[in-house]
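Just so you know, all these numbers are worked out from the coordinates, no wet-lab data involved. Please read all numbers here as calculations on a predicted model, not as lab measurements. Glycine gets a Cβ as well: all are built from the backbone with ideal geometry, and neighbour counts include every protein chain shown.
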Amino acid sequence: MQFLCFLEFVFNGVLQLKMFKKIVAVILAVVICIGIVSVAASAKEALNYLVIGDSIAEGFGIKNPDEASYGKIVADTNGYNYKNLGVMGRNSVGLCNHLSTDEEYIEAVKWADVISVSVGGNDFLLDHAALLIAQGIIFNDYSKFDKIGETYYENFSKSMDRIHELNPDAVILVQLLYTSWTFDYARKPYKEAAKRINDAIEKYCEEKPQNIYVVDTSEVFDGRRDCVSTDTIHPNAQGNIELAKCVQSELCSIGLASSADITVNAQGIDRDYLIEYFGTPIGQILIFLANVATGNFNFAF
């Protein structure tokens with residue numbers, strides 16, 4: 001009888017041990033699952049950041065845009081996955097076309113959580129700019145600039161509508177044009193054109209405010225010779241830092257960043273592309289003339 005009781009005790013002990021092992025196994029499984037979920041959640045925290053548009057978006061004013069353009073600074077600051085499809089000379093027509101036919105653009109927009117857009121300057125600079133400036137200076141007539149704004153609004157609207165169509169959840173940050181020139185006779189025509197472009201951007205954002213925000217760079221660059229390259233247009237290394245601050249500030253205001261402070265992992269290297277293209281003597285002359293004409297005396301001698 002005692003022997004049977006002993007066997008029963010042993011048997012119950014074995015059952016309890018097996019049950020204990022099962023409980024431990026279940027606990028371990030739960031812990032592992034929680035760990036996997038936590039890792040997956042951490043991986044999802046890194047947002048995808050896309051920069052599209054013109055040479056400003058590209059970072060044309062510095063030699064190392066892949067390391068120090070404003071888009072890269074914003075990405076590094078926030079731990080974003082980063083892609084830049086900015087191209088020199090891109091205007092609103094080109095952006096609209098690429099969003100409709102270019103698979104790389106289309107897939108990038110679908111991929112992105114946050115999209116920075118810089119486009120508009122070339123709509124003025126590449127479309128009879130010299131003639132329009134001359135007419136404005138001589139006759140003080142800027143009425144023809146209205147057509148620039150109207151055409152831009154049409155193309156810009158199509159581009160933003162297309163982005164919303166491809167990725168309704170993407171947050172879009174659109175940069176306004178700035179005027180860094182300081183001489184009034186050169187500054188006024190460009191400022192008049194920039195106003196038409198900026199008004200068109202703000203008009204669209206007011207009419208269709210879904211996930212689209214304006215990044216105002218005008219005050220930061222207004223008369224800031226230290227922020228533009230020797231061509232008097234493109235942001236230099238310091239200019240890209242200032243642009244990054246503007247974008248980061250907007251990200252803070254909409255709740256996508258916790259601090260307006262930026263992280264600069266690589267110092268930008270200023271670019272004198274007129275010298276690169278035309279050689280030292282001619283390039284220096286062109287830089288001199290450009291800076292004298294606009295009041296931006298950033299000589300490259």
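Return a whole-number percent for the relative contact order of the stretch 176-270, with Cα pairs under 8 Å and 6 or more residues apart as the contact set.
26
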* Asked: Toward the positive end of the charge dipole of the stretch 48-273, about the Cα centre and with charges on Cβ (Lys, Arg +1; Asp, Glu -1), which of 53, 111, 75 goes farthest?
  -> 53
* To do: Holding the Cα-Cα limit at 27 Å, pick out from 203/245; 147/245; 72/147; 63/208; 147/188; 110/144 the pairs that are longer than that.
  => 147/245; 72/147; 63/208; 110/144
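Between rounded, prolate and oblate, where does the stretch 48-273 land on the alpha carbon gyration tensor, with a ≥ b ≥ c its root eigenvalues, rounded for a/c under 1.5, else prolate if a/b exceeds b/c? All intermediate terms of the calculation are to be shown ahead of the outcome.
Values: a/c = 1.72, a/b = 1.22, b/c = 1.41.
It is oblate, given that a/c is not under 1.5 and a/b is not larger than b/c.
Calculated FRET efficiency, residue 222 and residue 97, Cβ-Cβ r, R0 35 Å, to nearest 0.05? Mind dumping the intermediate values first?
Values: r = 32 Å, r/R0 = 0.92.
Between residue 222 and residue 97 the formula returns 0.65.
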* Residues whose placed amide H lies under 5 Å from that of residue 228, excluding near-sequence neighbours -> 236
* For residue 169 and residue 282, compute 0.36 nm times the residue count separating them, minus their Cα-Cα distance, and round to one decimal in nm. => 35.8 nm
* Asked: For the stretch 111-118, in order, what is each residue's ³J(HN,Hα) by Karplus, 6.51 cos²θ - 1.76 cosθ + 1.60 with θ = phi - 60°, in whole Hz (x at glycine and Pro)?
  -> 6, 7, 9, 10, 10, 9, 10, 10
* Report, by chain and number, residues whose modeled amide H sits under 5 Å from the one on residue 90, excluding near sequence neighbours (fewer than 5 apart, same chain). => 55
* To do: Would you mind computing, in nm to one decimal, how far apart the modelled labels at residue 126 and residue 206 are, each placed 7 Å from Cα along Cα→Cβ?
  => 2.9
